[in-house]
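Worksheet: the structure to be examined is printed underneath.
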Amino acid sequence: MTNLILLGPPGVGKGTQAKLLIEKFGIPQISTGDILRAAVKELTPMGVKAKGFMDSGALVPDAVVIGIVEERLAQPDCGKGFILDGFPRTVAQADALDQVLAGMRRGIDHVVSLAVEKAELLRRLTGRRACPKCGAVYHVEFAPPKSADRCDACSGELIQREDDKEATILHRLTVYDEQTAPLIAYYGGKGLLRSVDGLGTVDAIQASILSSIEAPTR
Ligand code: AMP
């Protein structure tokens, strides 16, 4: 059983790495960002409430995301383990997660902290384009669509997500520094932290993550 947290700023590559870890371990990824975006799209009461926070780059209130994760962890497919991506983002969320897991007689095995410098994060995030019709994601520099502004898969017109605009991104990075970065020390103190350089090829980073979680606990 592997219970993992991927920690790091927006744009560091948590989602990409989580998708590879799913294949490797056969356990689900729990991305609170994905769950919230689906709720926004479906106009559920939670989505309607969350949208304003997300569009401005602020965090959605702790109680909302804690509720999402608690419900998700109770699903049978999490029995073999899980990869949390984008949660916890505050110390209050981390404390709540501990309590939820303790109630299930479970705990976190490893917290993988991915880091890259801020200029690189900005480059990655401001270049992102998404297809609102089918959900495909592109990057103007690293993964451009075949014809500009059109989705390769469904020809939908590509957009820049509201929370990928530069002013919003700068705000998201500040929110990360103030509210989420303290979790590095939090999990370091519990002996769970594994620090991995987030700069390099997707495969090289995956290999570093795997060796960091296979290494003996420091
Ligand atoms: P992400 O895709 O993980 O960058 O999340 C997109 C947005 O969803 C964030 O900017 C927040 O507004 C919201 N969000 C996702 N996860 C959390 C969380 N754990 N706590 C609070 N807000 C979150």
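Summary table
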quantity: Residue count, the range 74-126 (criterion: among the aliphatic types (A, V, I, L, M) and assigned to a loop (DSSP other than H, G, I, E, B)); calculated: 4
quantity: Candidate set: the range 56-107, residues that are away from the ligand (no atom under 15 Å from the Cβ) and among the hydrophobic types (A, V, I, L, M, F, W, C); chosen: the one surrounded by the most Cβ atoms within 10 Å (Cβ to Cβ); calculated: CYS78
quantity: Sole residue being among the charged types (D, E, K, R) and either at pLDDT 95 or above or assigned to a helix (DSSP H, G or I) (or both), chosen from ARG172, ARG218; calculated: ARG172
quantity: Residue match in the range 154-161 (condition: under 19 Å from the mean Cα position of the chain (by Cα) and closer than 20 Å to ASP85 by Cα); calculated: yes
quantity: Scan of the range 1-37 for residues that are within 11 Å of the ligand (Cβ to nearest atom) and either closer than 15 Å to VAL137 by Cβ or part of a helix (DSSP H, G or I) (or both), ordered by number; calculated: PRO10, GLY11, LYS14, GLY15, ALA18, SER31, THR32, GLY33, ASP34, ILE35, LEU36, ARG37
quantity: Of all residues in the range 125-152 being in contact with a Pro (Cβ under 9 Å, 6 or more places away or on another chain) and in contact (Cβ under 8 Å) with a residue 24 or more places away in the chain, the one that is farthest from LYS165 (Cα to Cα); calculated: CYS131
quantity: Count - residues of the range 12-34 that are acidic (Asp, Glu) and closer than 24 Å to ALA50 by Cβ; calculated: 1
quantity: Near pairs, Cβ below 9 angstrom, 6+ apart or cross-chain, from the range 81-96 (free of Cβ contacts under 8 Å to residues at least 24 places away in the same chain) to any residue that is within 11 Å of the ligand (Cβ to nearest atom); calculated: ASP95/PRO88
quantity: Yes/no for SER56 being among the hydroxyl-bearing types (Ser, Thr, Tyr) and over 14 Å from the mean Cα position of the chain (by Cα); calculated: yes
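The values are calculated or read from the model by the stated rules, or taken from the named source; none is laboratory data. These numbers were taken from a predicted model, which means no experiment stands behind them. FYI the Cβ positions are ideal-geometry reconstructions off the backbone, even for glycines, and counts take in every protein chain you see.
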